[in-house]
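Below you'll find the structure, written out as structure tokens, and then a few comments.
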Amino acid sequence: MSAFPERFDVIIVGGSYAGMSAALQLARARRSVLVIDAGQPRNRNAQVAHGFLGREGMPPADIAAQSRAELLRYPSVAWLSARAVQAEVLEGGRRFAIACDAGQRFTARRLVLAYGVTDDLPPIDGLAERWGRQVLHCPYCHGYELQQGTLGVVGCSDDGGADQALLLCDWGSVILFCHDAARIDPAQKARLDQCGVVIETTPLQRVEDQATAVLADGRRIVTDALFVAPVSRLACDLAEQLGCALQDAGCITADSAKQTTVEGVFACGDAARMAGNIALSVGEGALAGVAVHHSLVGLLD
Ligand SMILES: Cc1cc2nc3c(=O)[nH]c(=O)nc-3n(C[C@H](O)[C@H](O)[C@H](O)COP(=O)(O)OP(=O)(O)OC[C@H]3O[C@@H](n4cnc5c(N)ncnc54)[C@H](O)[C@@H]3O)c2cc1C
């Protein structure tokens, strides 16, 4: 049996940057909030996080622990470490139900979907175990620390990695590993040449040591980091279960108040913005929290 009541004002699925930020606003409005979190934030493999003002260079786990401790000082917030697996619209949209993997079921007048995304990496040996350390995707998050060294780009995207390679030129000398150079648009190719990007067309077979690219012909190219463009998809299908529309990029459609196409259901963080970061997630979480409160008191247009 659950230690919590069954009914809340708001249930938030996902208790990371976006979800906790939404919960904080709602707690401060003295609303009862249940945060359900599976404990797998997107940047969990990174040793430190950058670009988040006030917490620059802190380990993600420390940011999470500190934020959670701050949040749980509010007595109207309950925290459940669990995975939400089922979502349902009740009473014609006046209430919602969430069921968890261990069988608990809760209802609330509003829902916030803040469950983020998961990243699928190209199937190349050695990438996955270095993800978040020597295999990266965002230079704004982790590029500065590479000290303008040698940066490899694993060109798996439709454009052969050209855009990512061009972007990275401000952070170091770039080698683009793209065995299918025909995918690179000629105008982009000219820009890559202009910026001194080396294009390596021999297939990248695996990654060894820190970030050494081993090619199909046996050559080993030492880099300081390898950048990839992962395929990101929603961490679970609760939005689809509720009938929320999704954007072409795969994340949840939300308006300027972060309300989805289903009234009473809000979405924030990476779940509602594919190319997100911590600061944006915290900001959008705050926006969602305030909007949910406005909607509870009938002031959301
Ligand atoms: C390797 C890497 C490094 C990064 N480094 C940085 C950085 O340095 N600086 C920066 O600003 N950004 C960084 N980012 C981006 C940042 O991690 C994301 O933008 C941020 O985590 C999004 O926050 P969020 O709250 O939307 O989602 P998340 O942080 O991903 O949290 C979602 C939470 O929801 C939970 N969840 C998912 N499904 C369910 C479910 N069904 N039931 C219950 N809980 C669920 C998850 O377990 C997780 O705890 C990095 C990303 C990656 C991949």
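Residue-wise test of (1) among the aromatic types (Phe, Trp, Tyr); (2) within 30 Å of Val214 (Cβ to Cβ); (3) in contact with a Phe, Trp or Tyr (Cβ under 7 Å, 6 or more places away or on another chain).
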{"site": "Leu226", "(1), (2), (3)": "no, yes, no"}
{"site": "Ala229", "(1), (2), (3)": "no, yes, no"}
{"site": "Arg233", "(1), (2), (3)": "no, yes, no"}
{"site": "Ala249", "(1), (2), (3)": "no, no, no"}
{"site": "Gln259", "(1), (2), (3)": "no, no, yes"}
{"site": "Phe266", "(1), (2), (3)": "yes, no, no"}
{"site": "Gly276", "(1), (2), (3)": "no, no, no"}
{"site": "Leu287", "(1), (2), (3)": "no, no, no"}
* Asked: Can you list the strands (runs of 3 or more DSSP E) found entirely within region 117-179 that contain at least 3 residues being aliphatic (A, V, I, L, M)?
  -> 150-154, 173-177
* Structure fact -> Taking region 56-76 and keeping only residues that are surrounded by fewer than 19 Cβ atoms within 10 Å (Cβ to Cβ) and either closer than 29 Å to Phe227 by Cα or among the hydrophobic types (A, V, I, L, M, F, W, C) (or both), one is left with Glu56, Gly57, Met58, Pro59, Ala61, Asp62, Ala65, Ala69, Leu72
* Provide a single number: the residues in region 1-22 that are over 13 Å from Ala286 (Cβ atoms), more than 8 Å from the ligand (Cβ to nearest atom) and of a type in the set (Val, Ile, Thr). => 2
* Asked: Got a sec? Which strands (runs of 3 or more DSSP E) wholly within region 207-299 have at least 1 residues that are crowded, with 19+ Cβ neighbours inside 10 Å and either among the small types (Gly, Ala, Ser) or in contact with an Asp or Glu (Cβ under 8 Å, 6 or more places away or on another chain) (or both)?
  -> 212-215, 225-227, 231-234, 265-267
* Go through Arg94, Arg105 for me and flag whichever is over 25 Å from the mean Cα position of the chain (by Cα) and away from the ligand (no atom under 14 Å from the Cβ). => Arg94
* Kindly indicate whether any position in region 279-288 is more than 27 Å from Ala99 (Cβ to Cβ) and at pLDDT below 95. => no
* Checking Thr150 against (1) within 15 Å of Ala211 (Cβ to Cβ); (2) within 12 Å of the ligand (Cβ to nearest atom), which test does it fail? -> (2)
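The values are calculated or read from the model by the stated rules, or taken from the named source; none is laboratory data. Bear in mind the structure is a predicted one, so any value in this text is a computation, not a measurement. Every residue, glycine among them, receives a Cβ derived from its backbone with ideal geometry; neighbour counts consider all protein chains shown.
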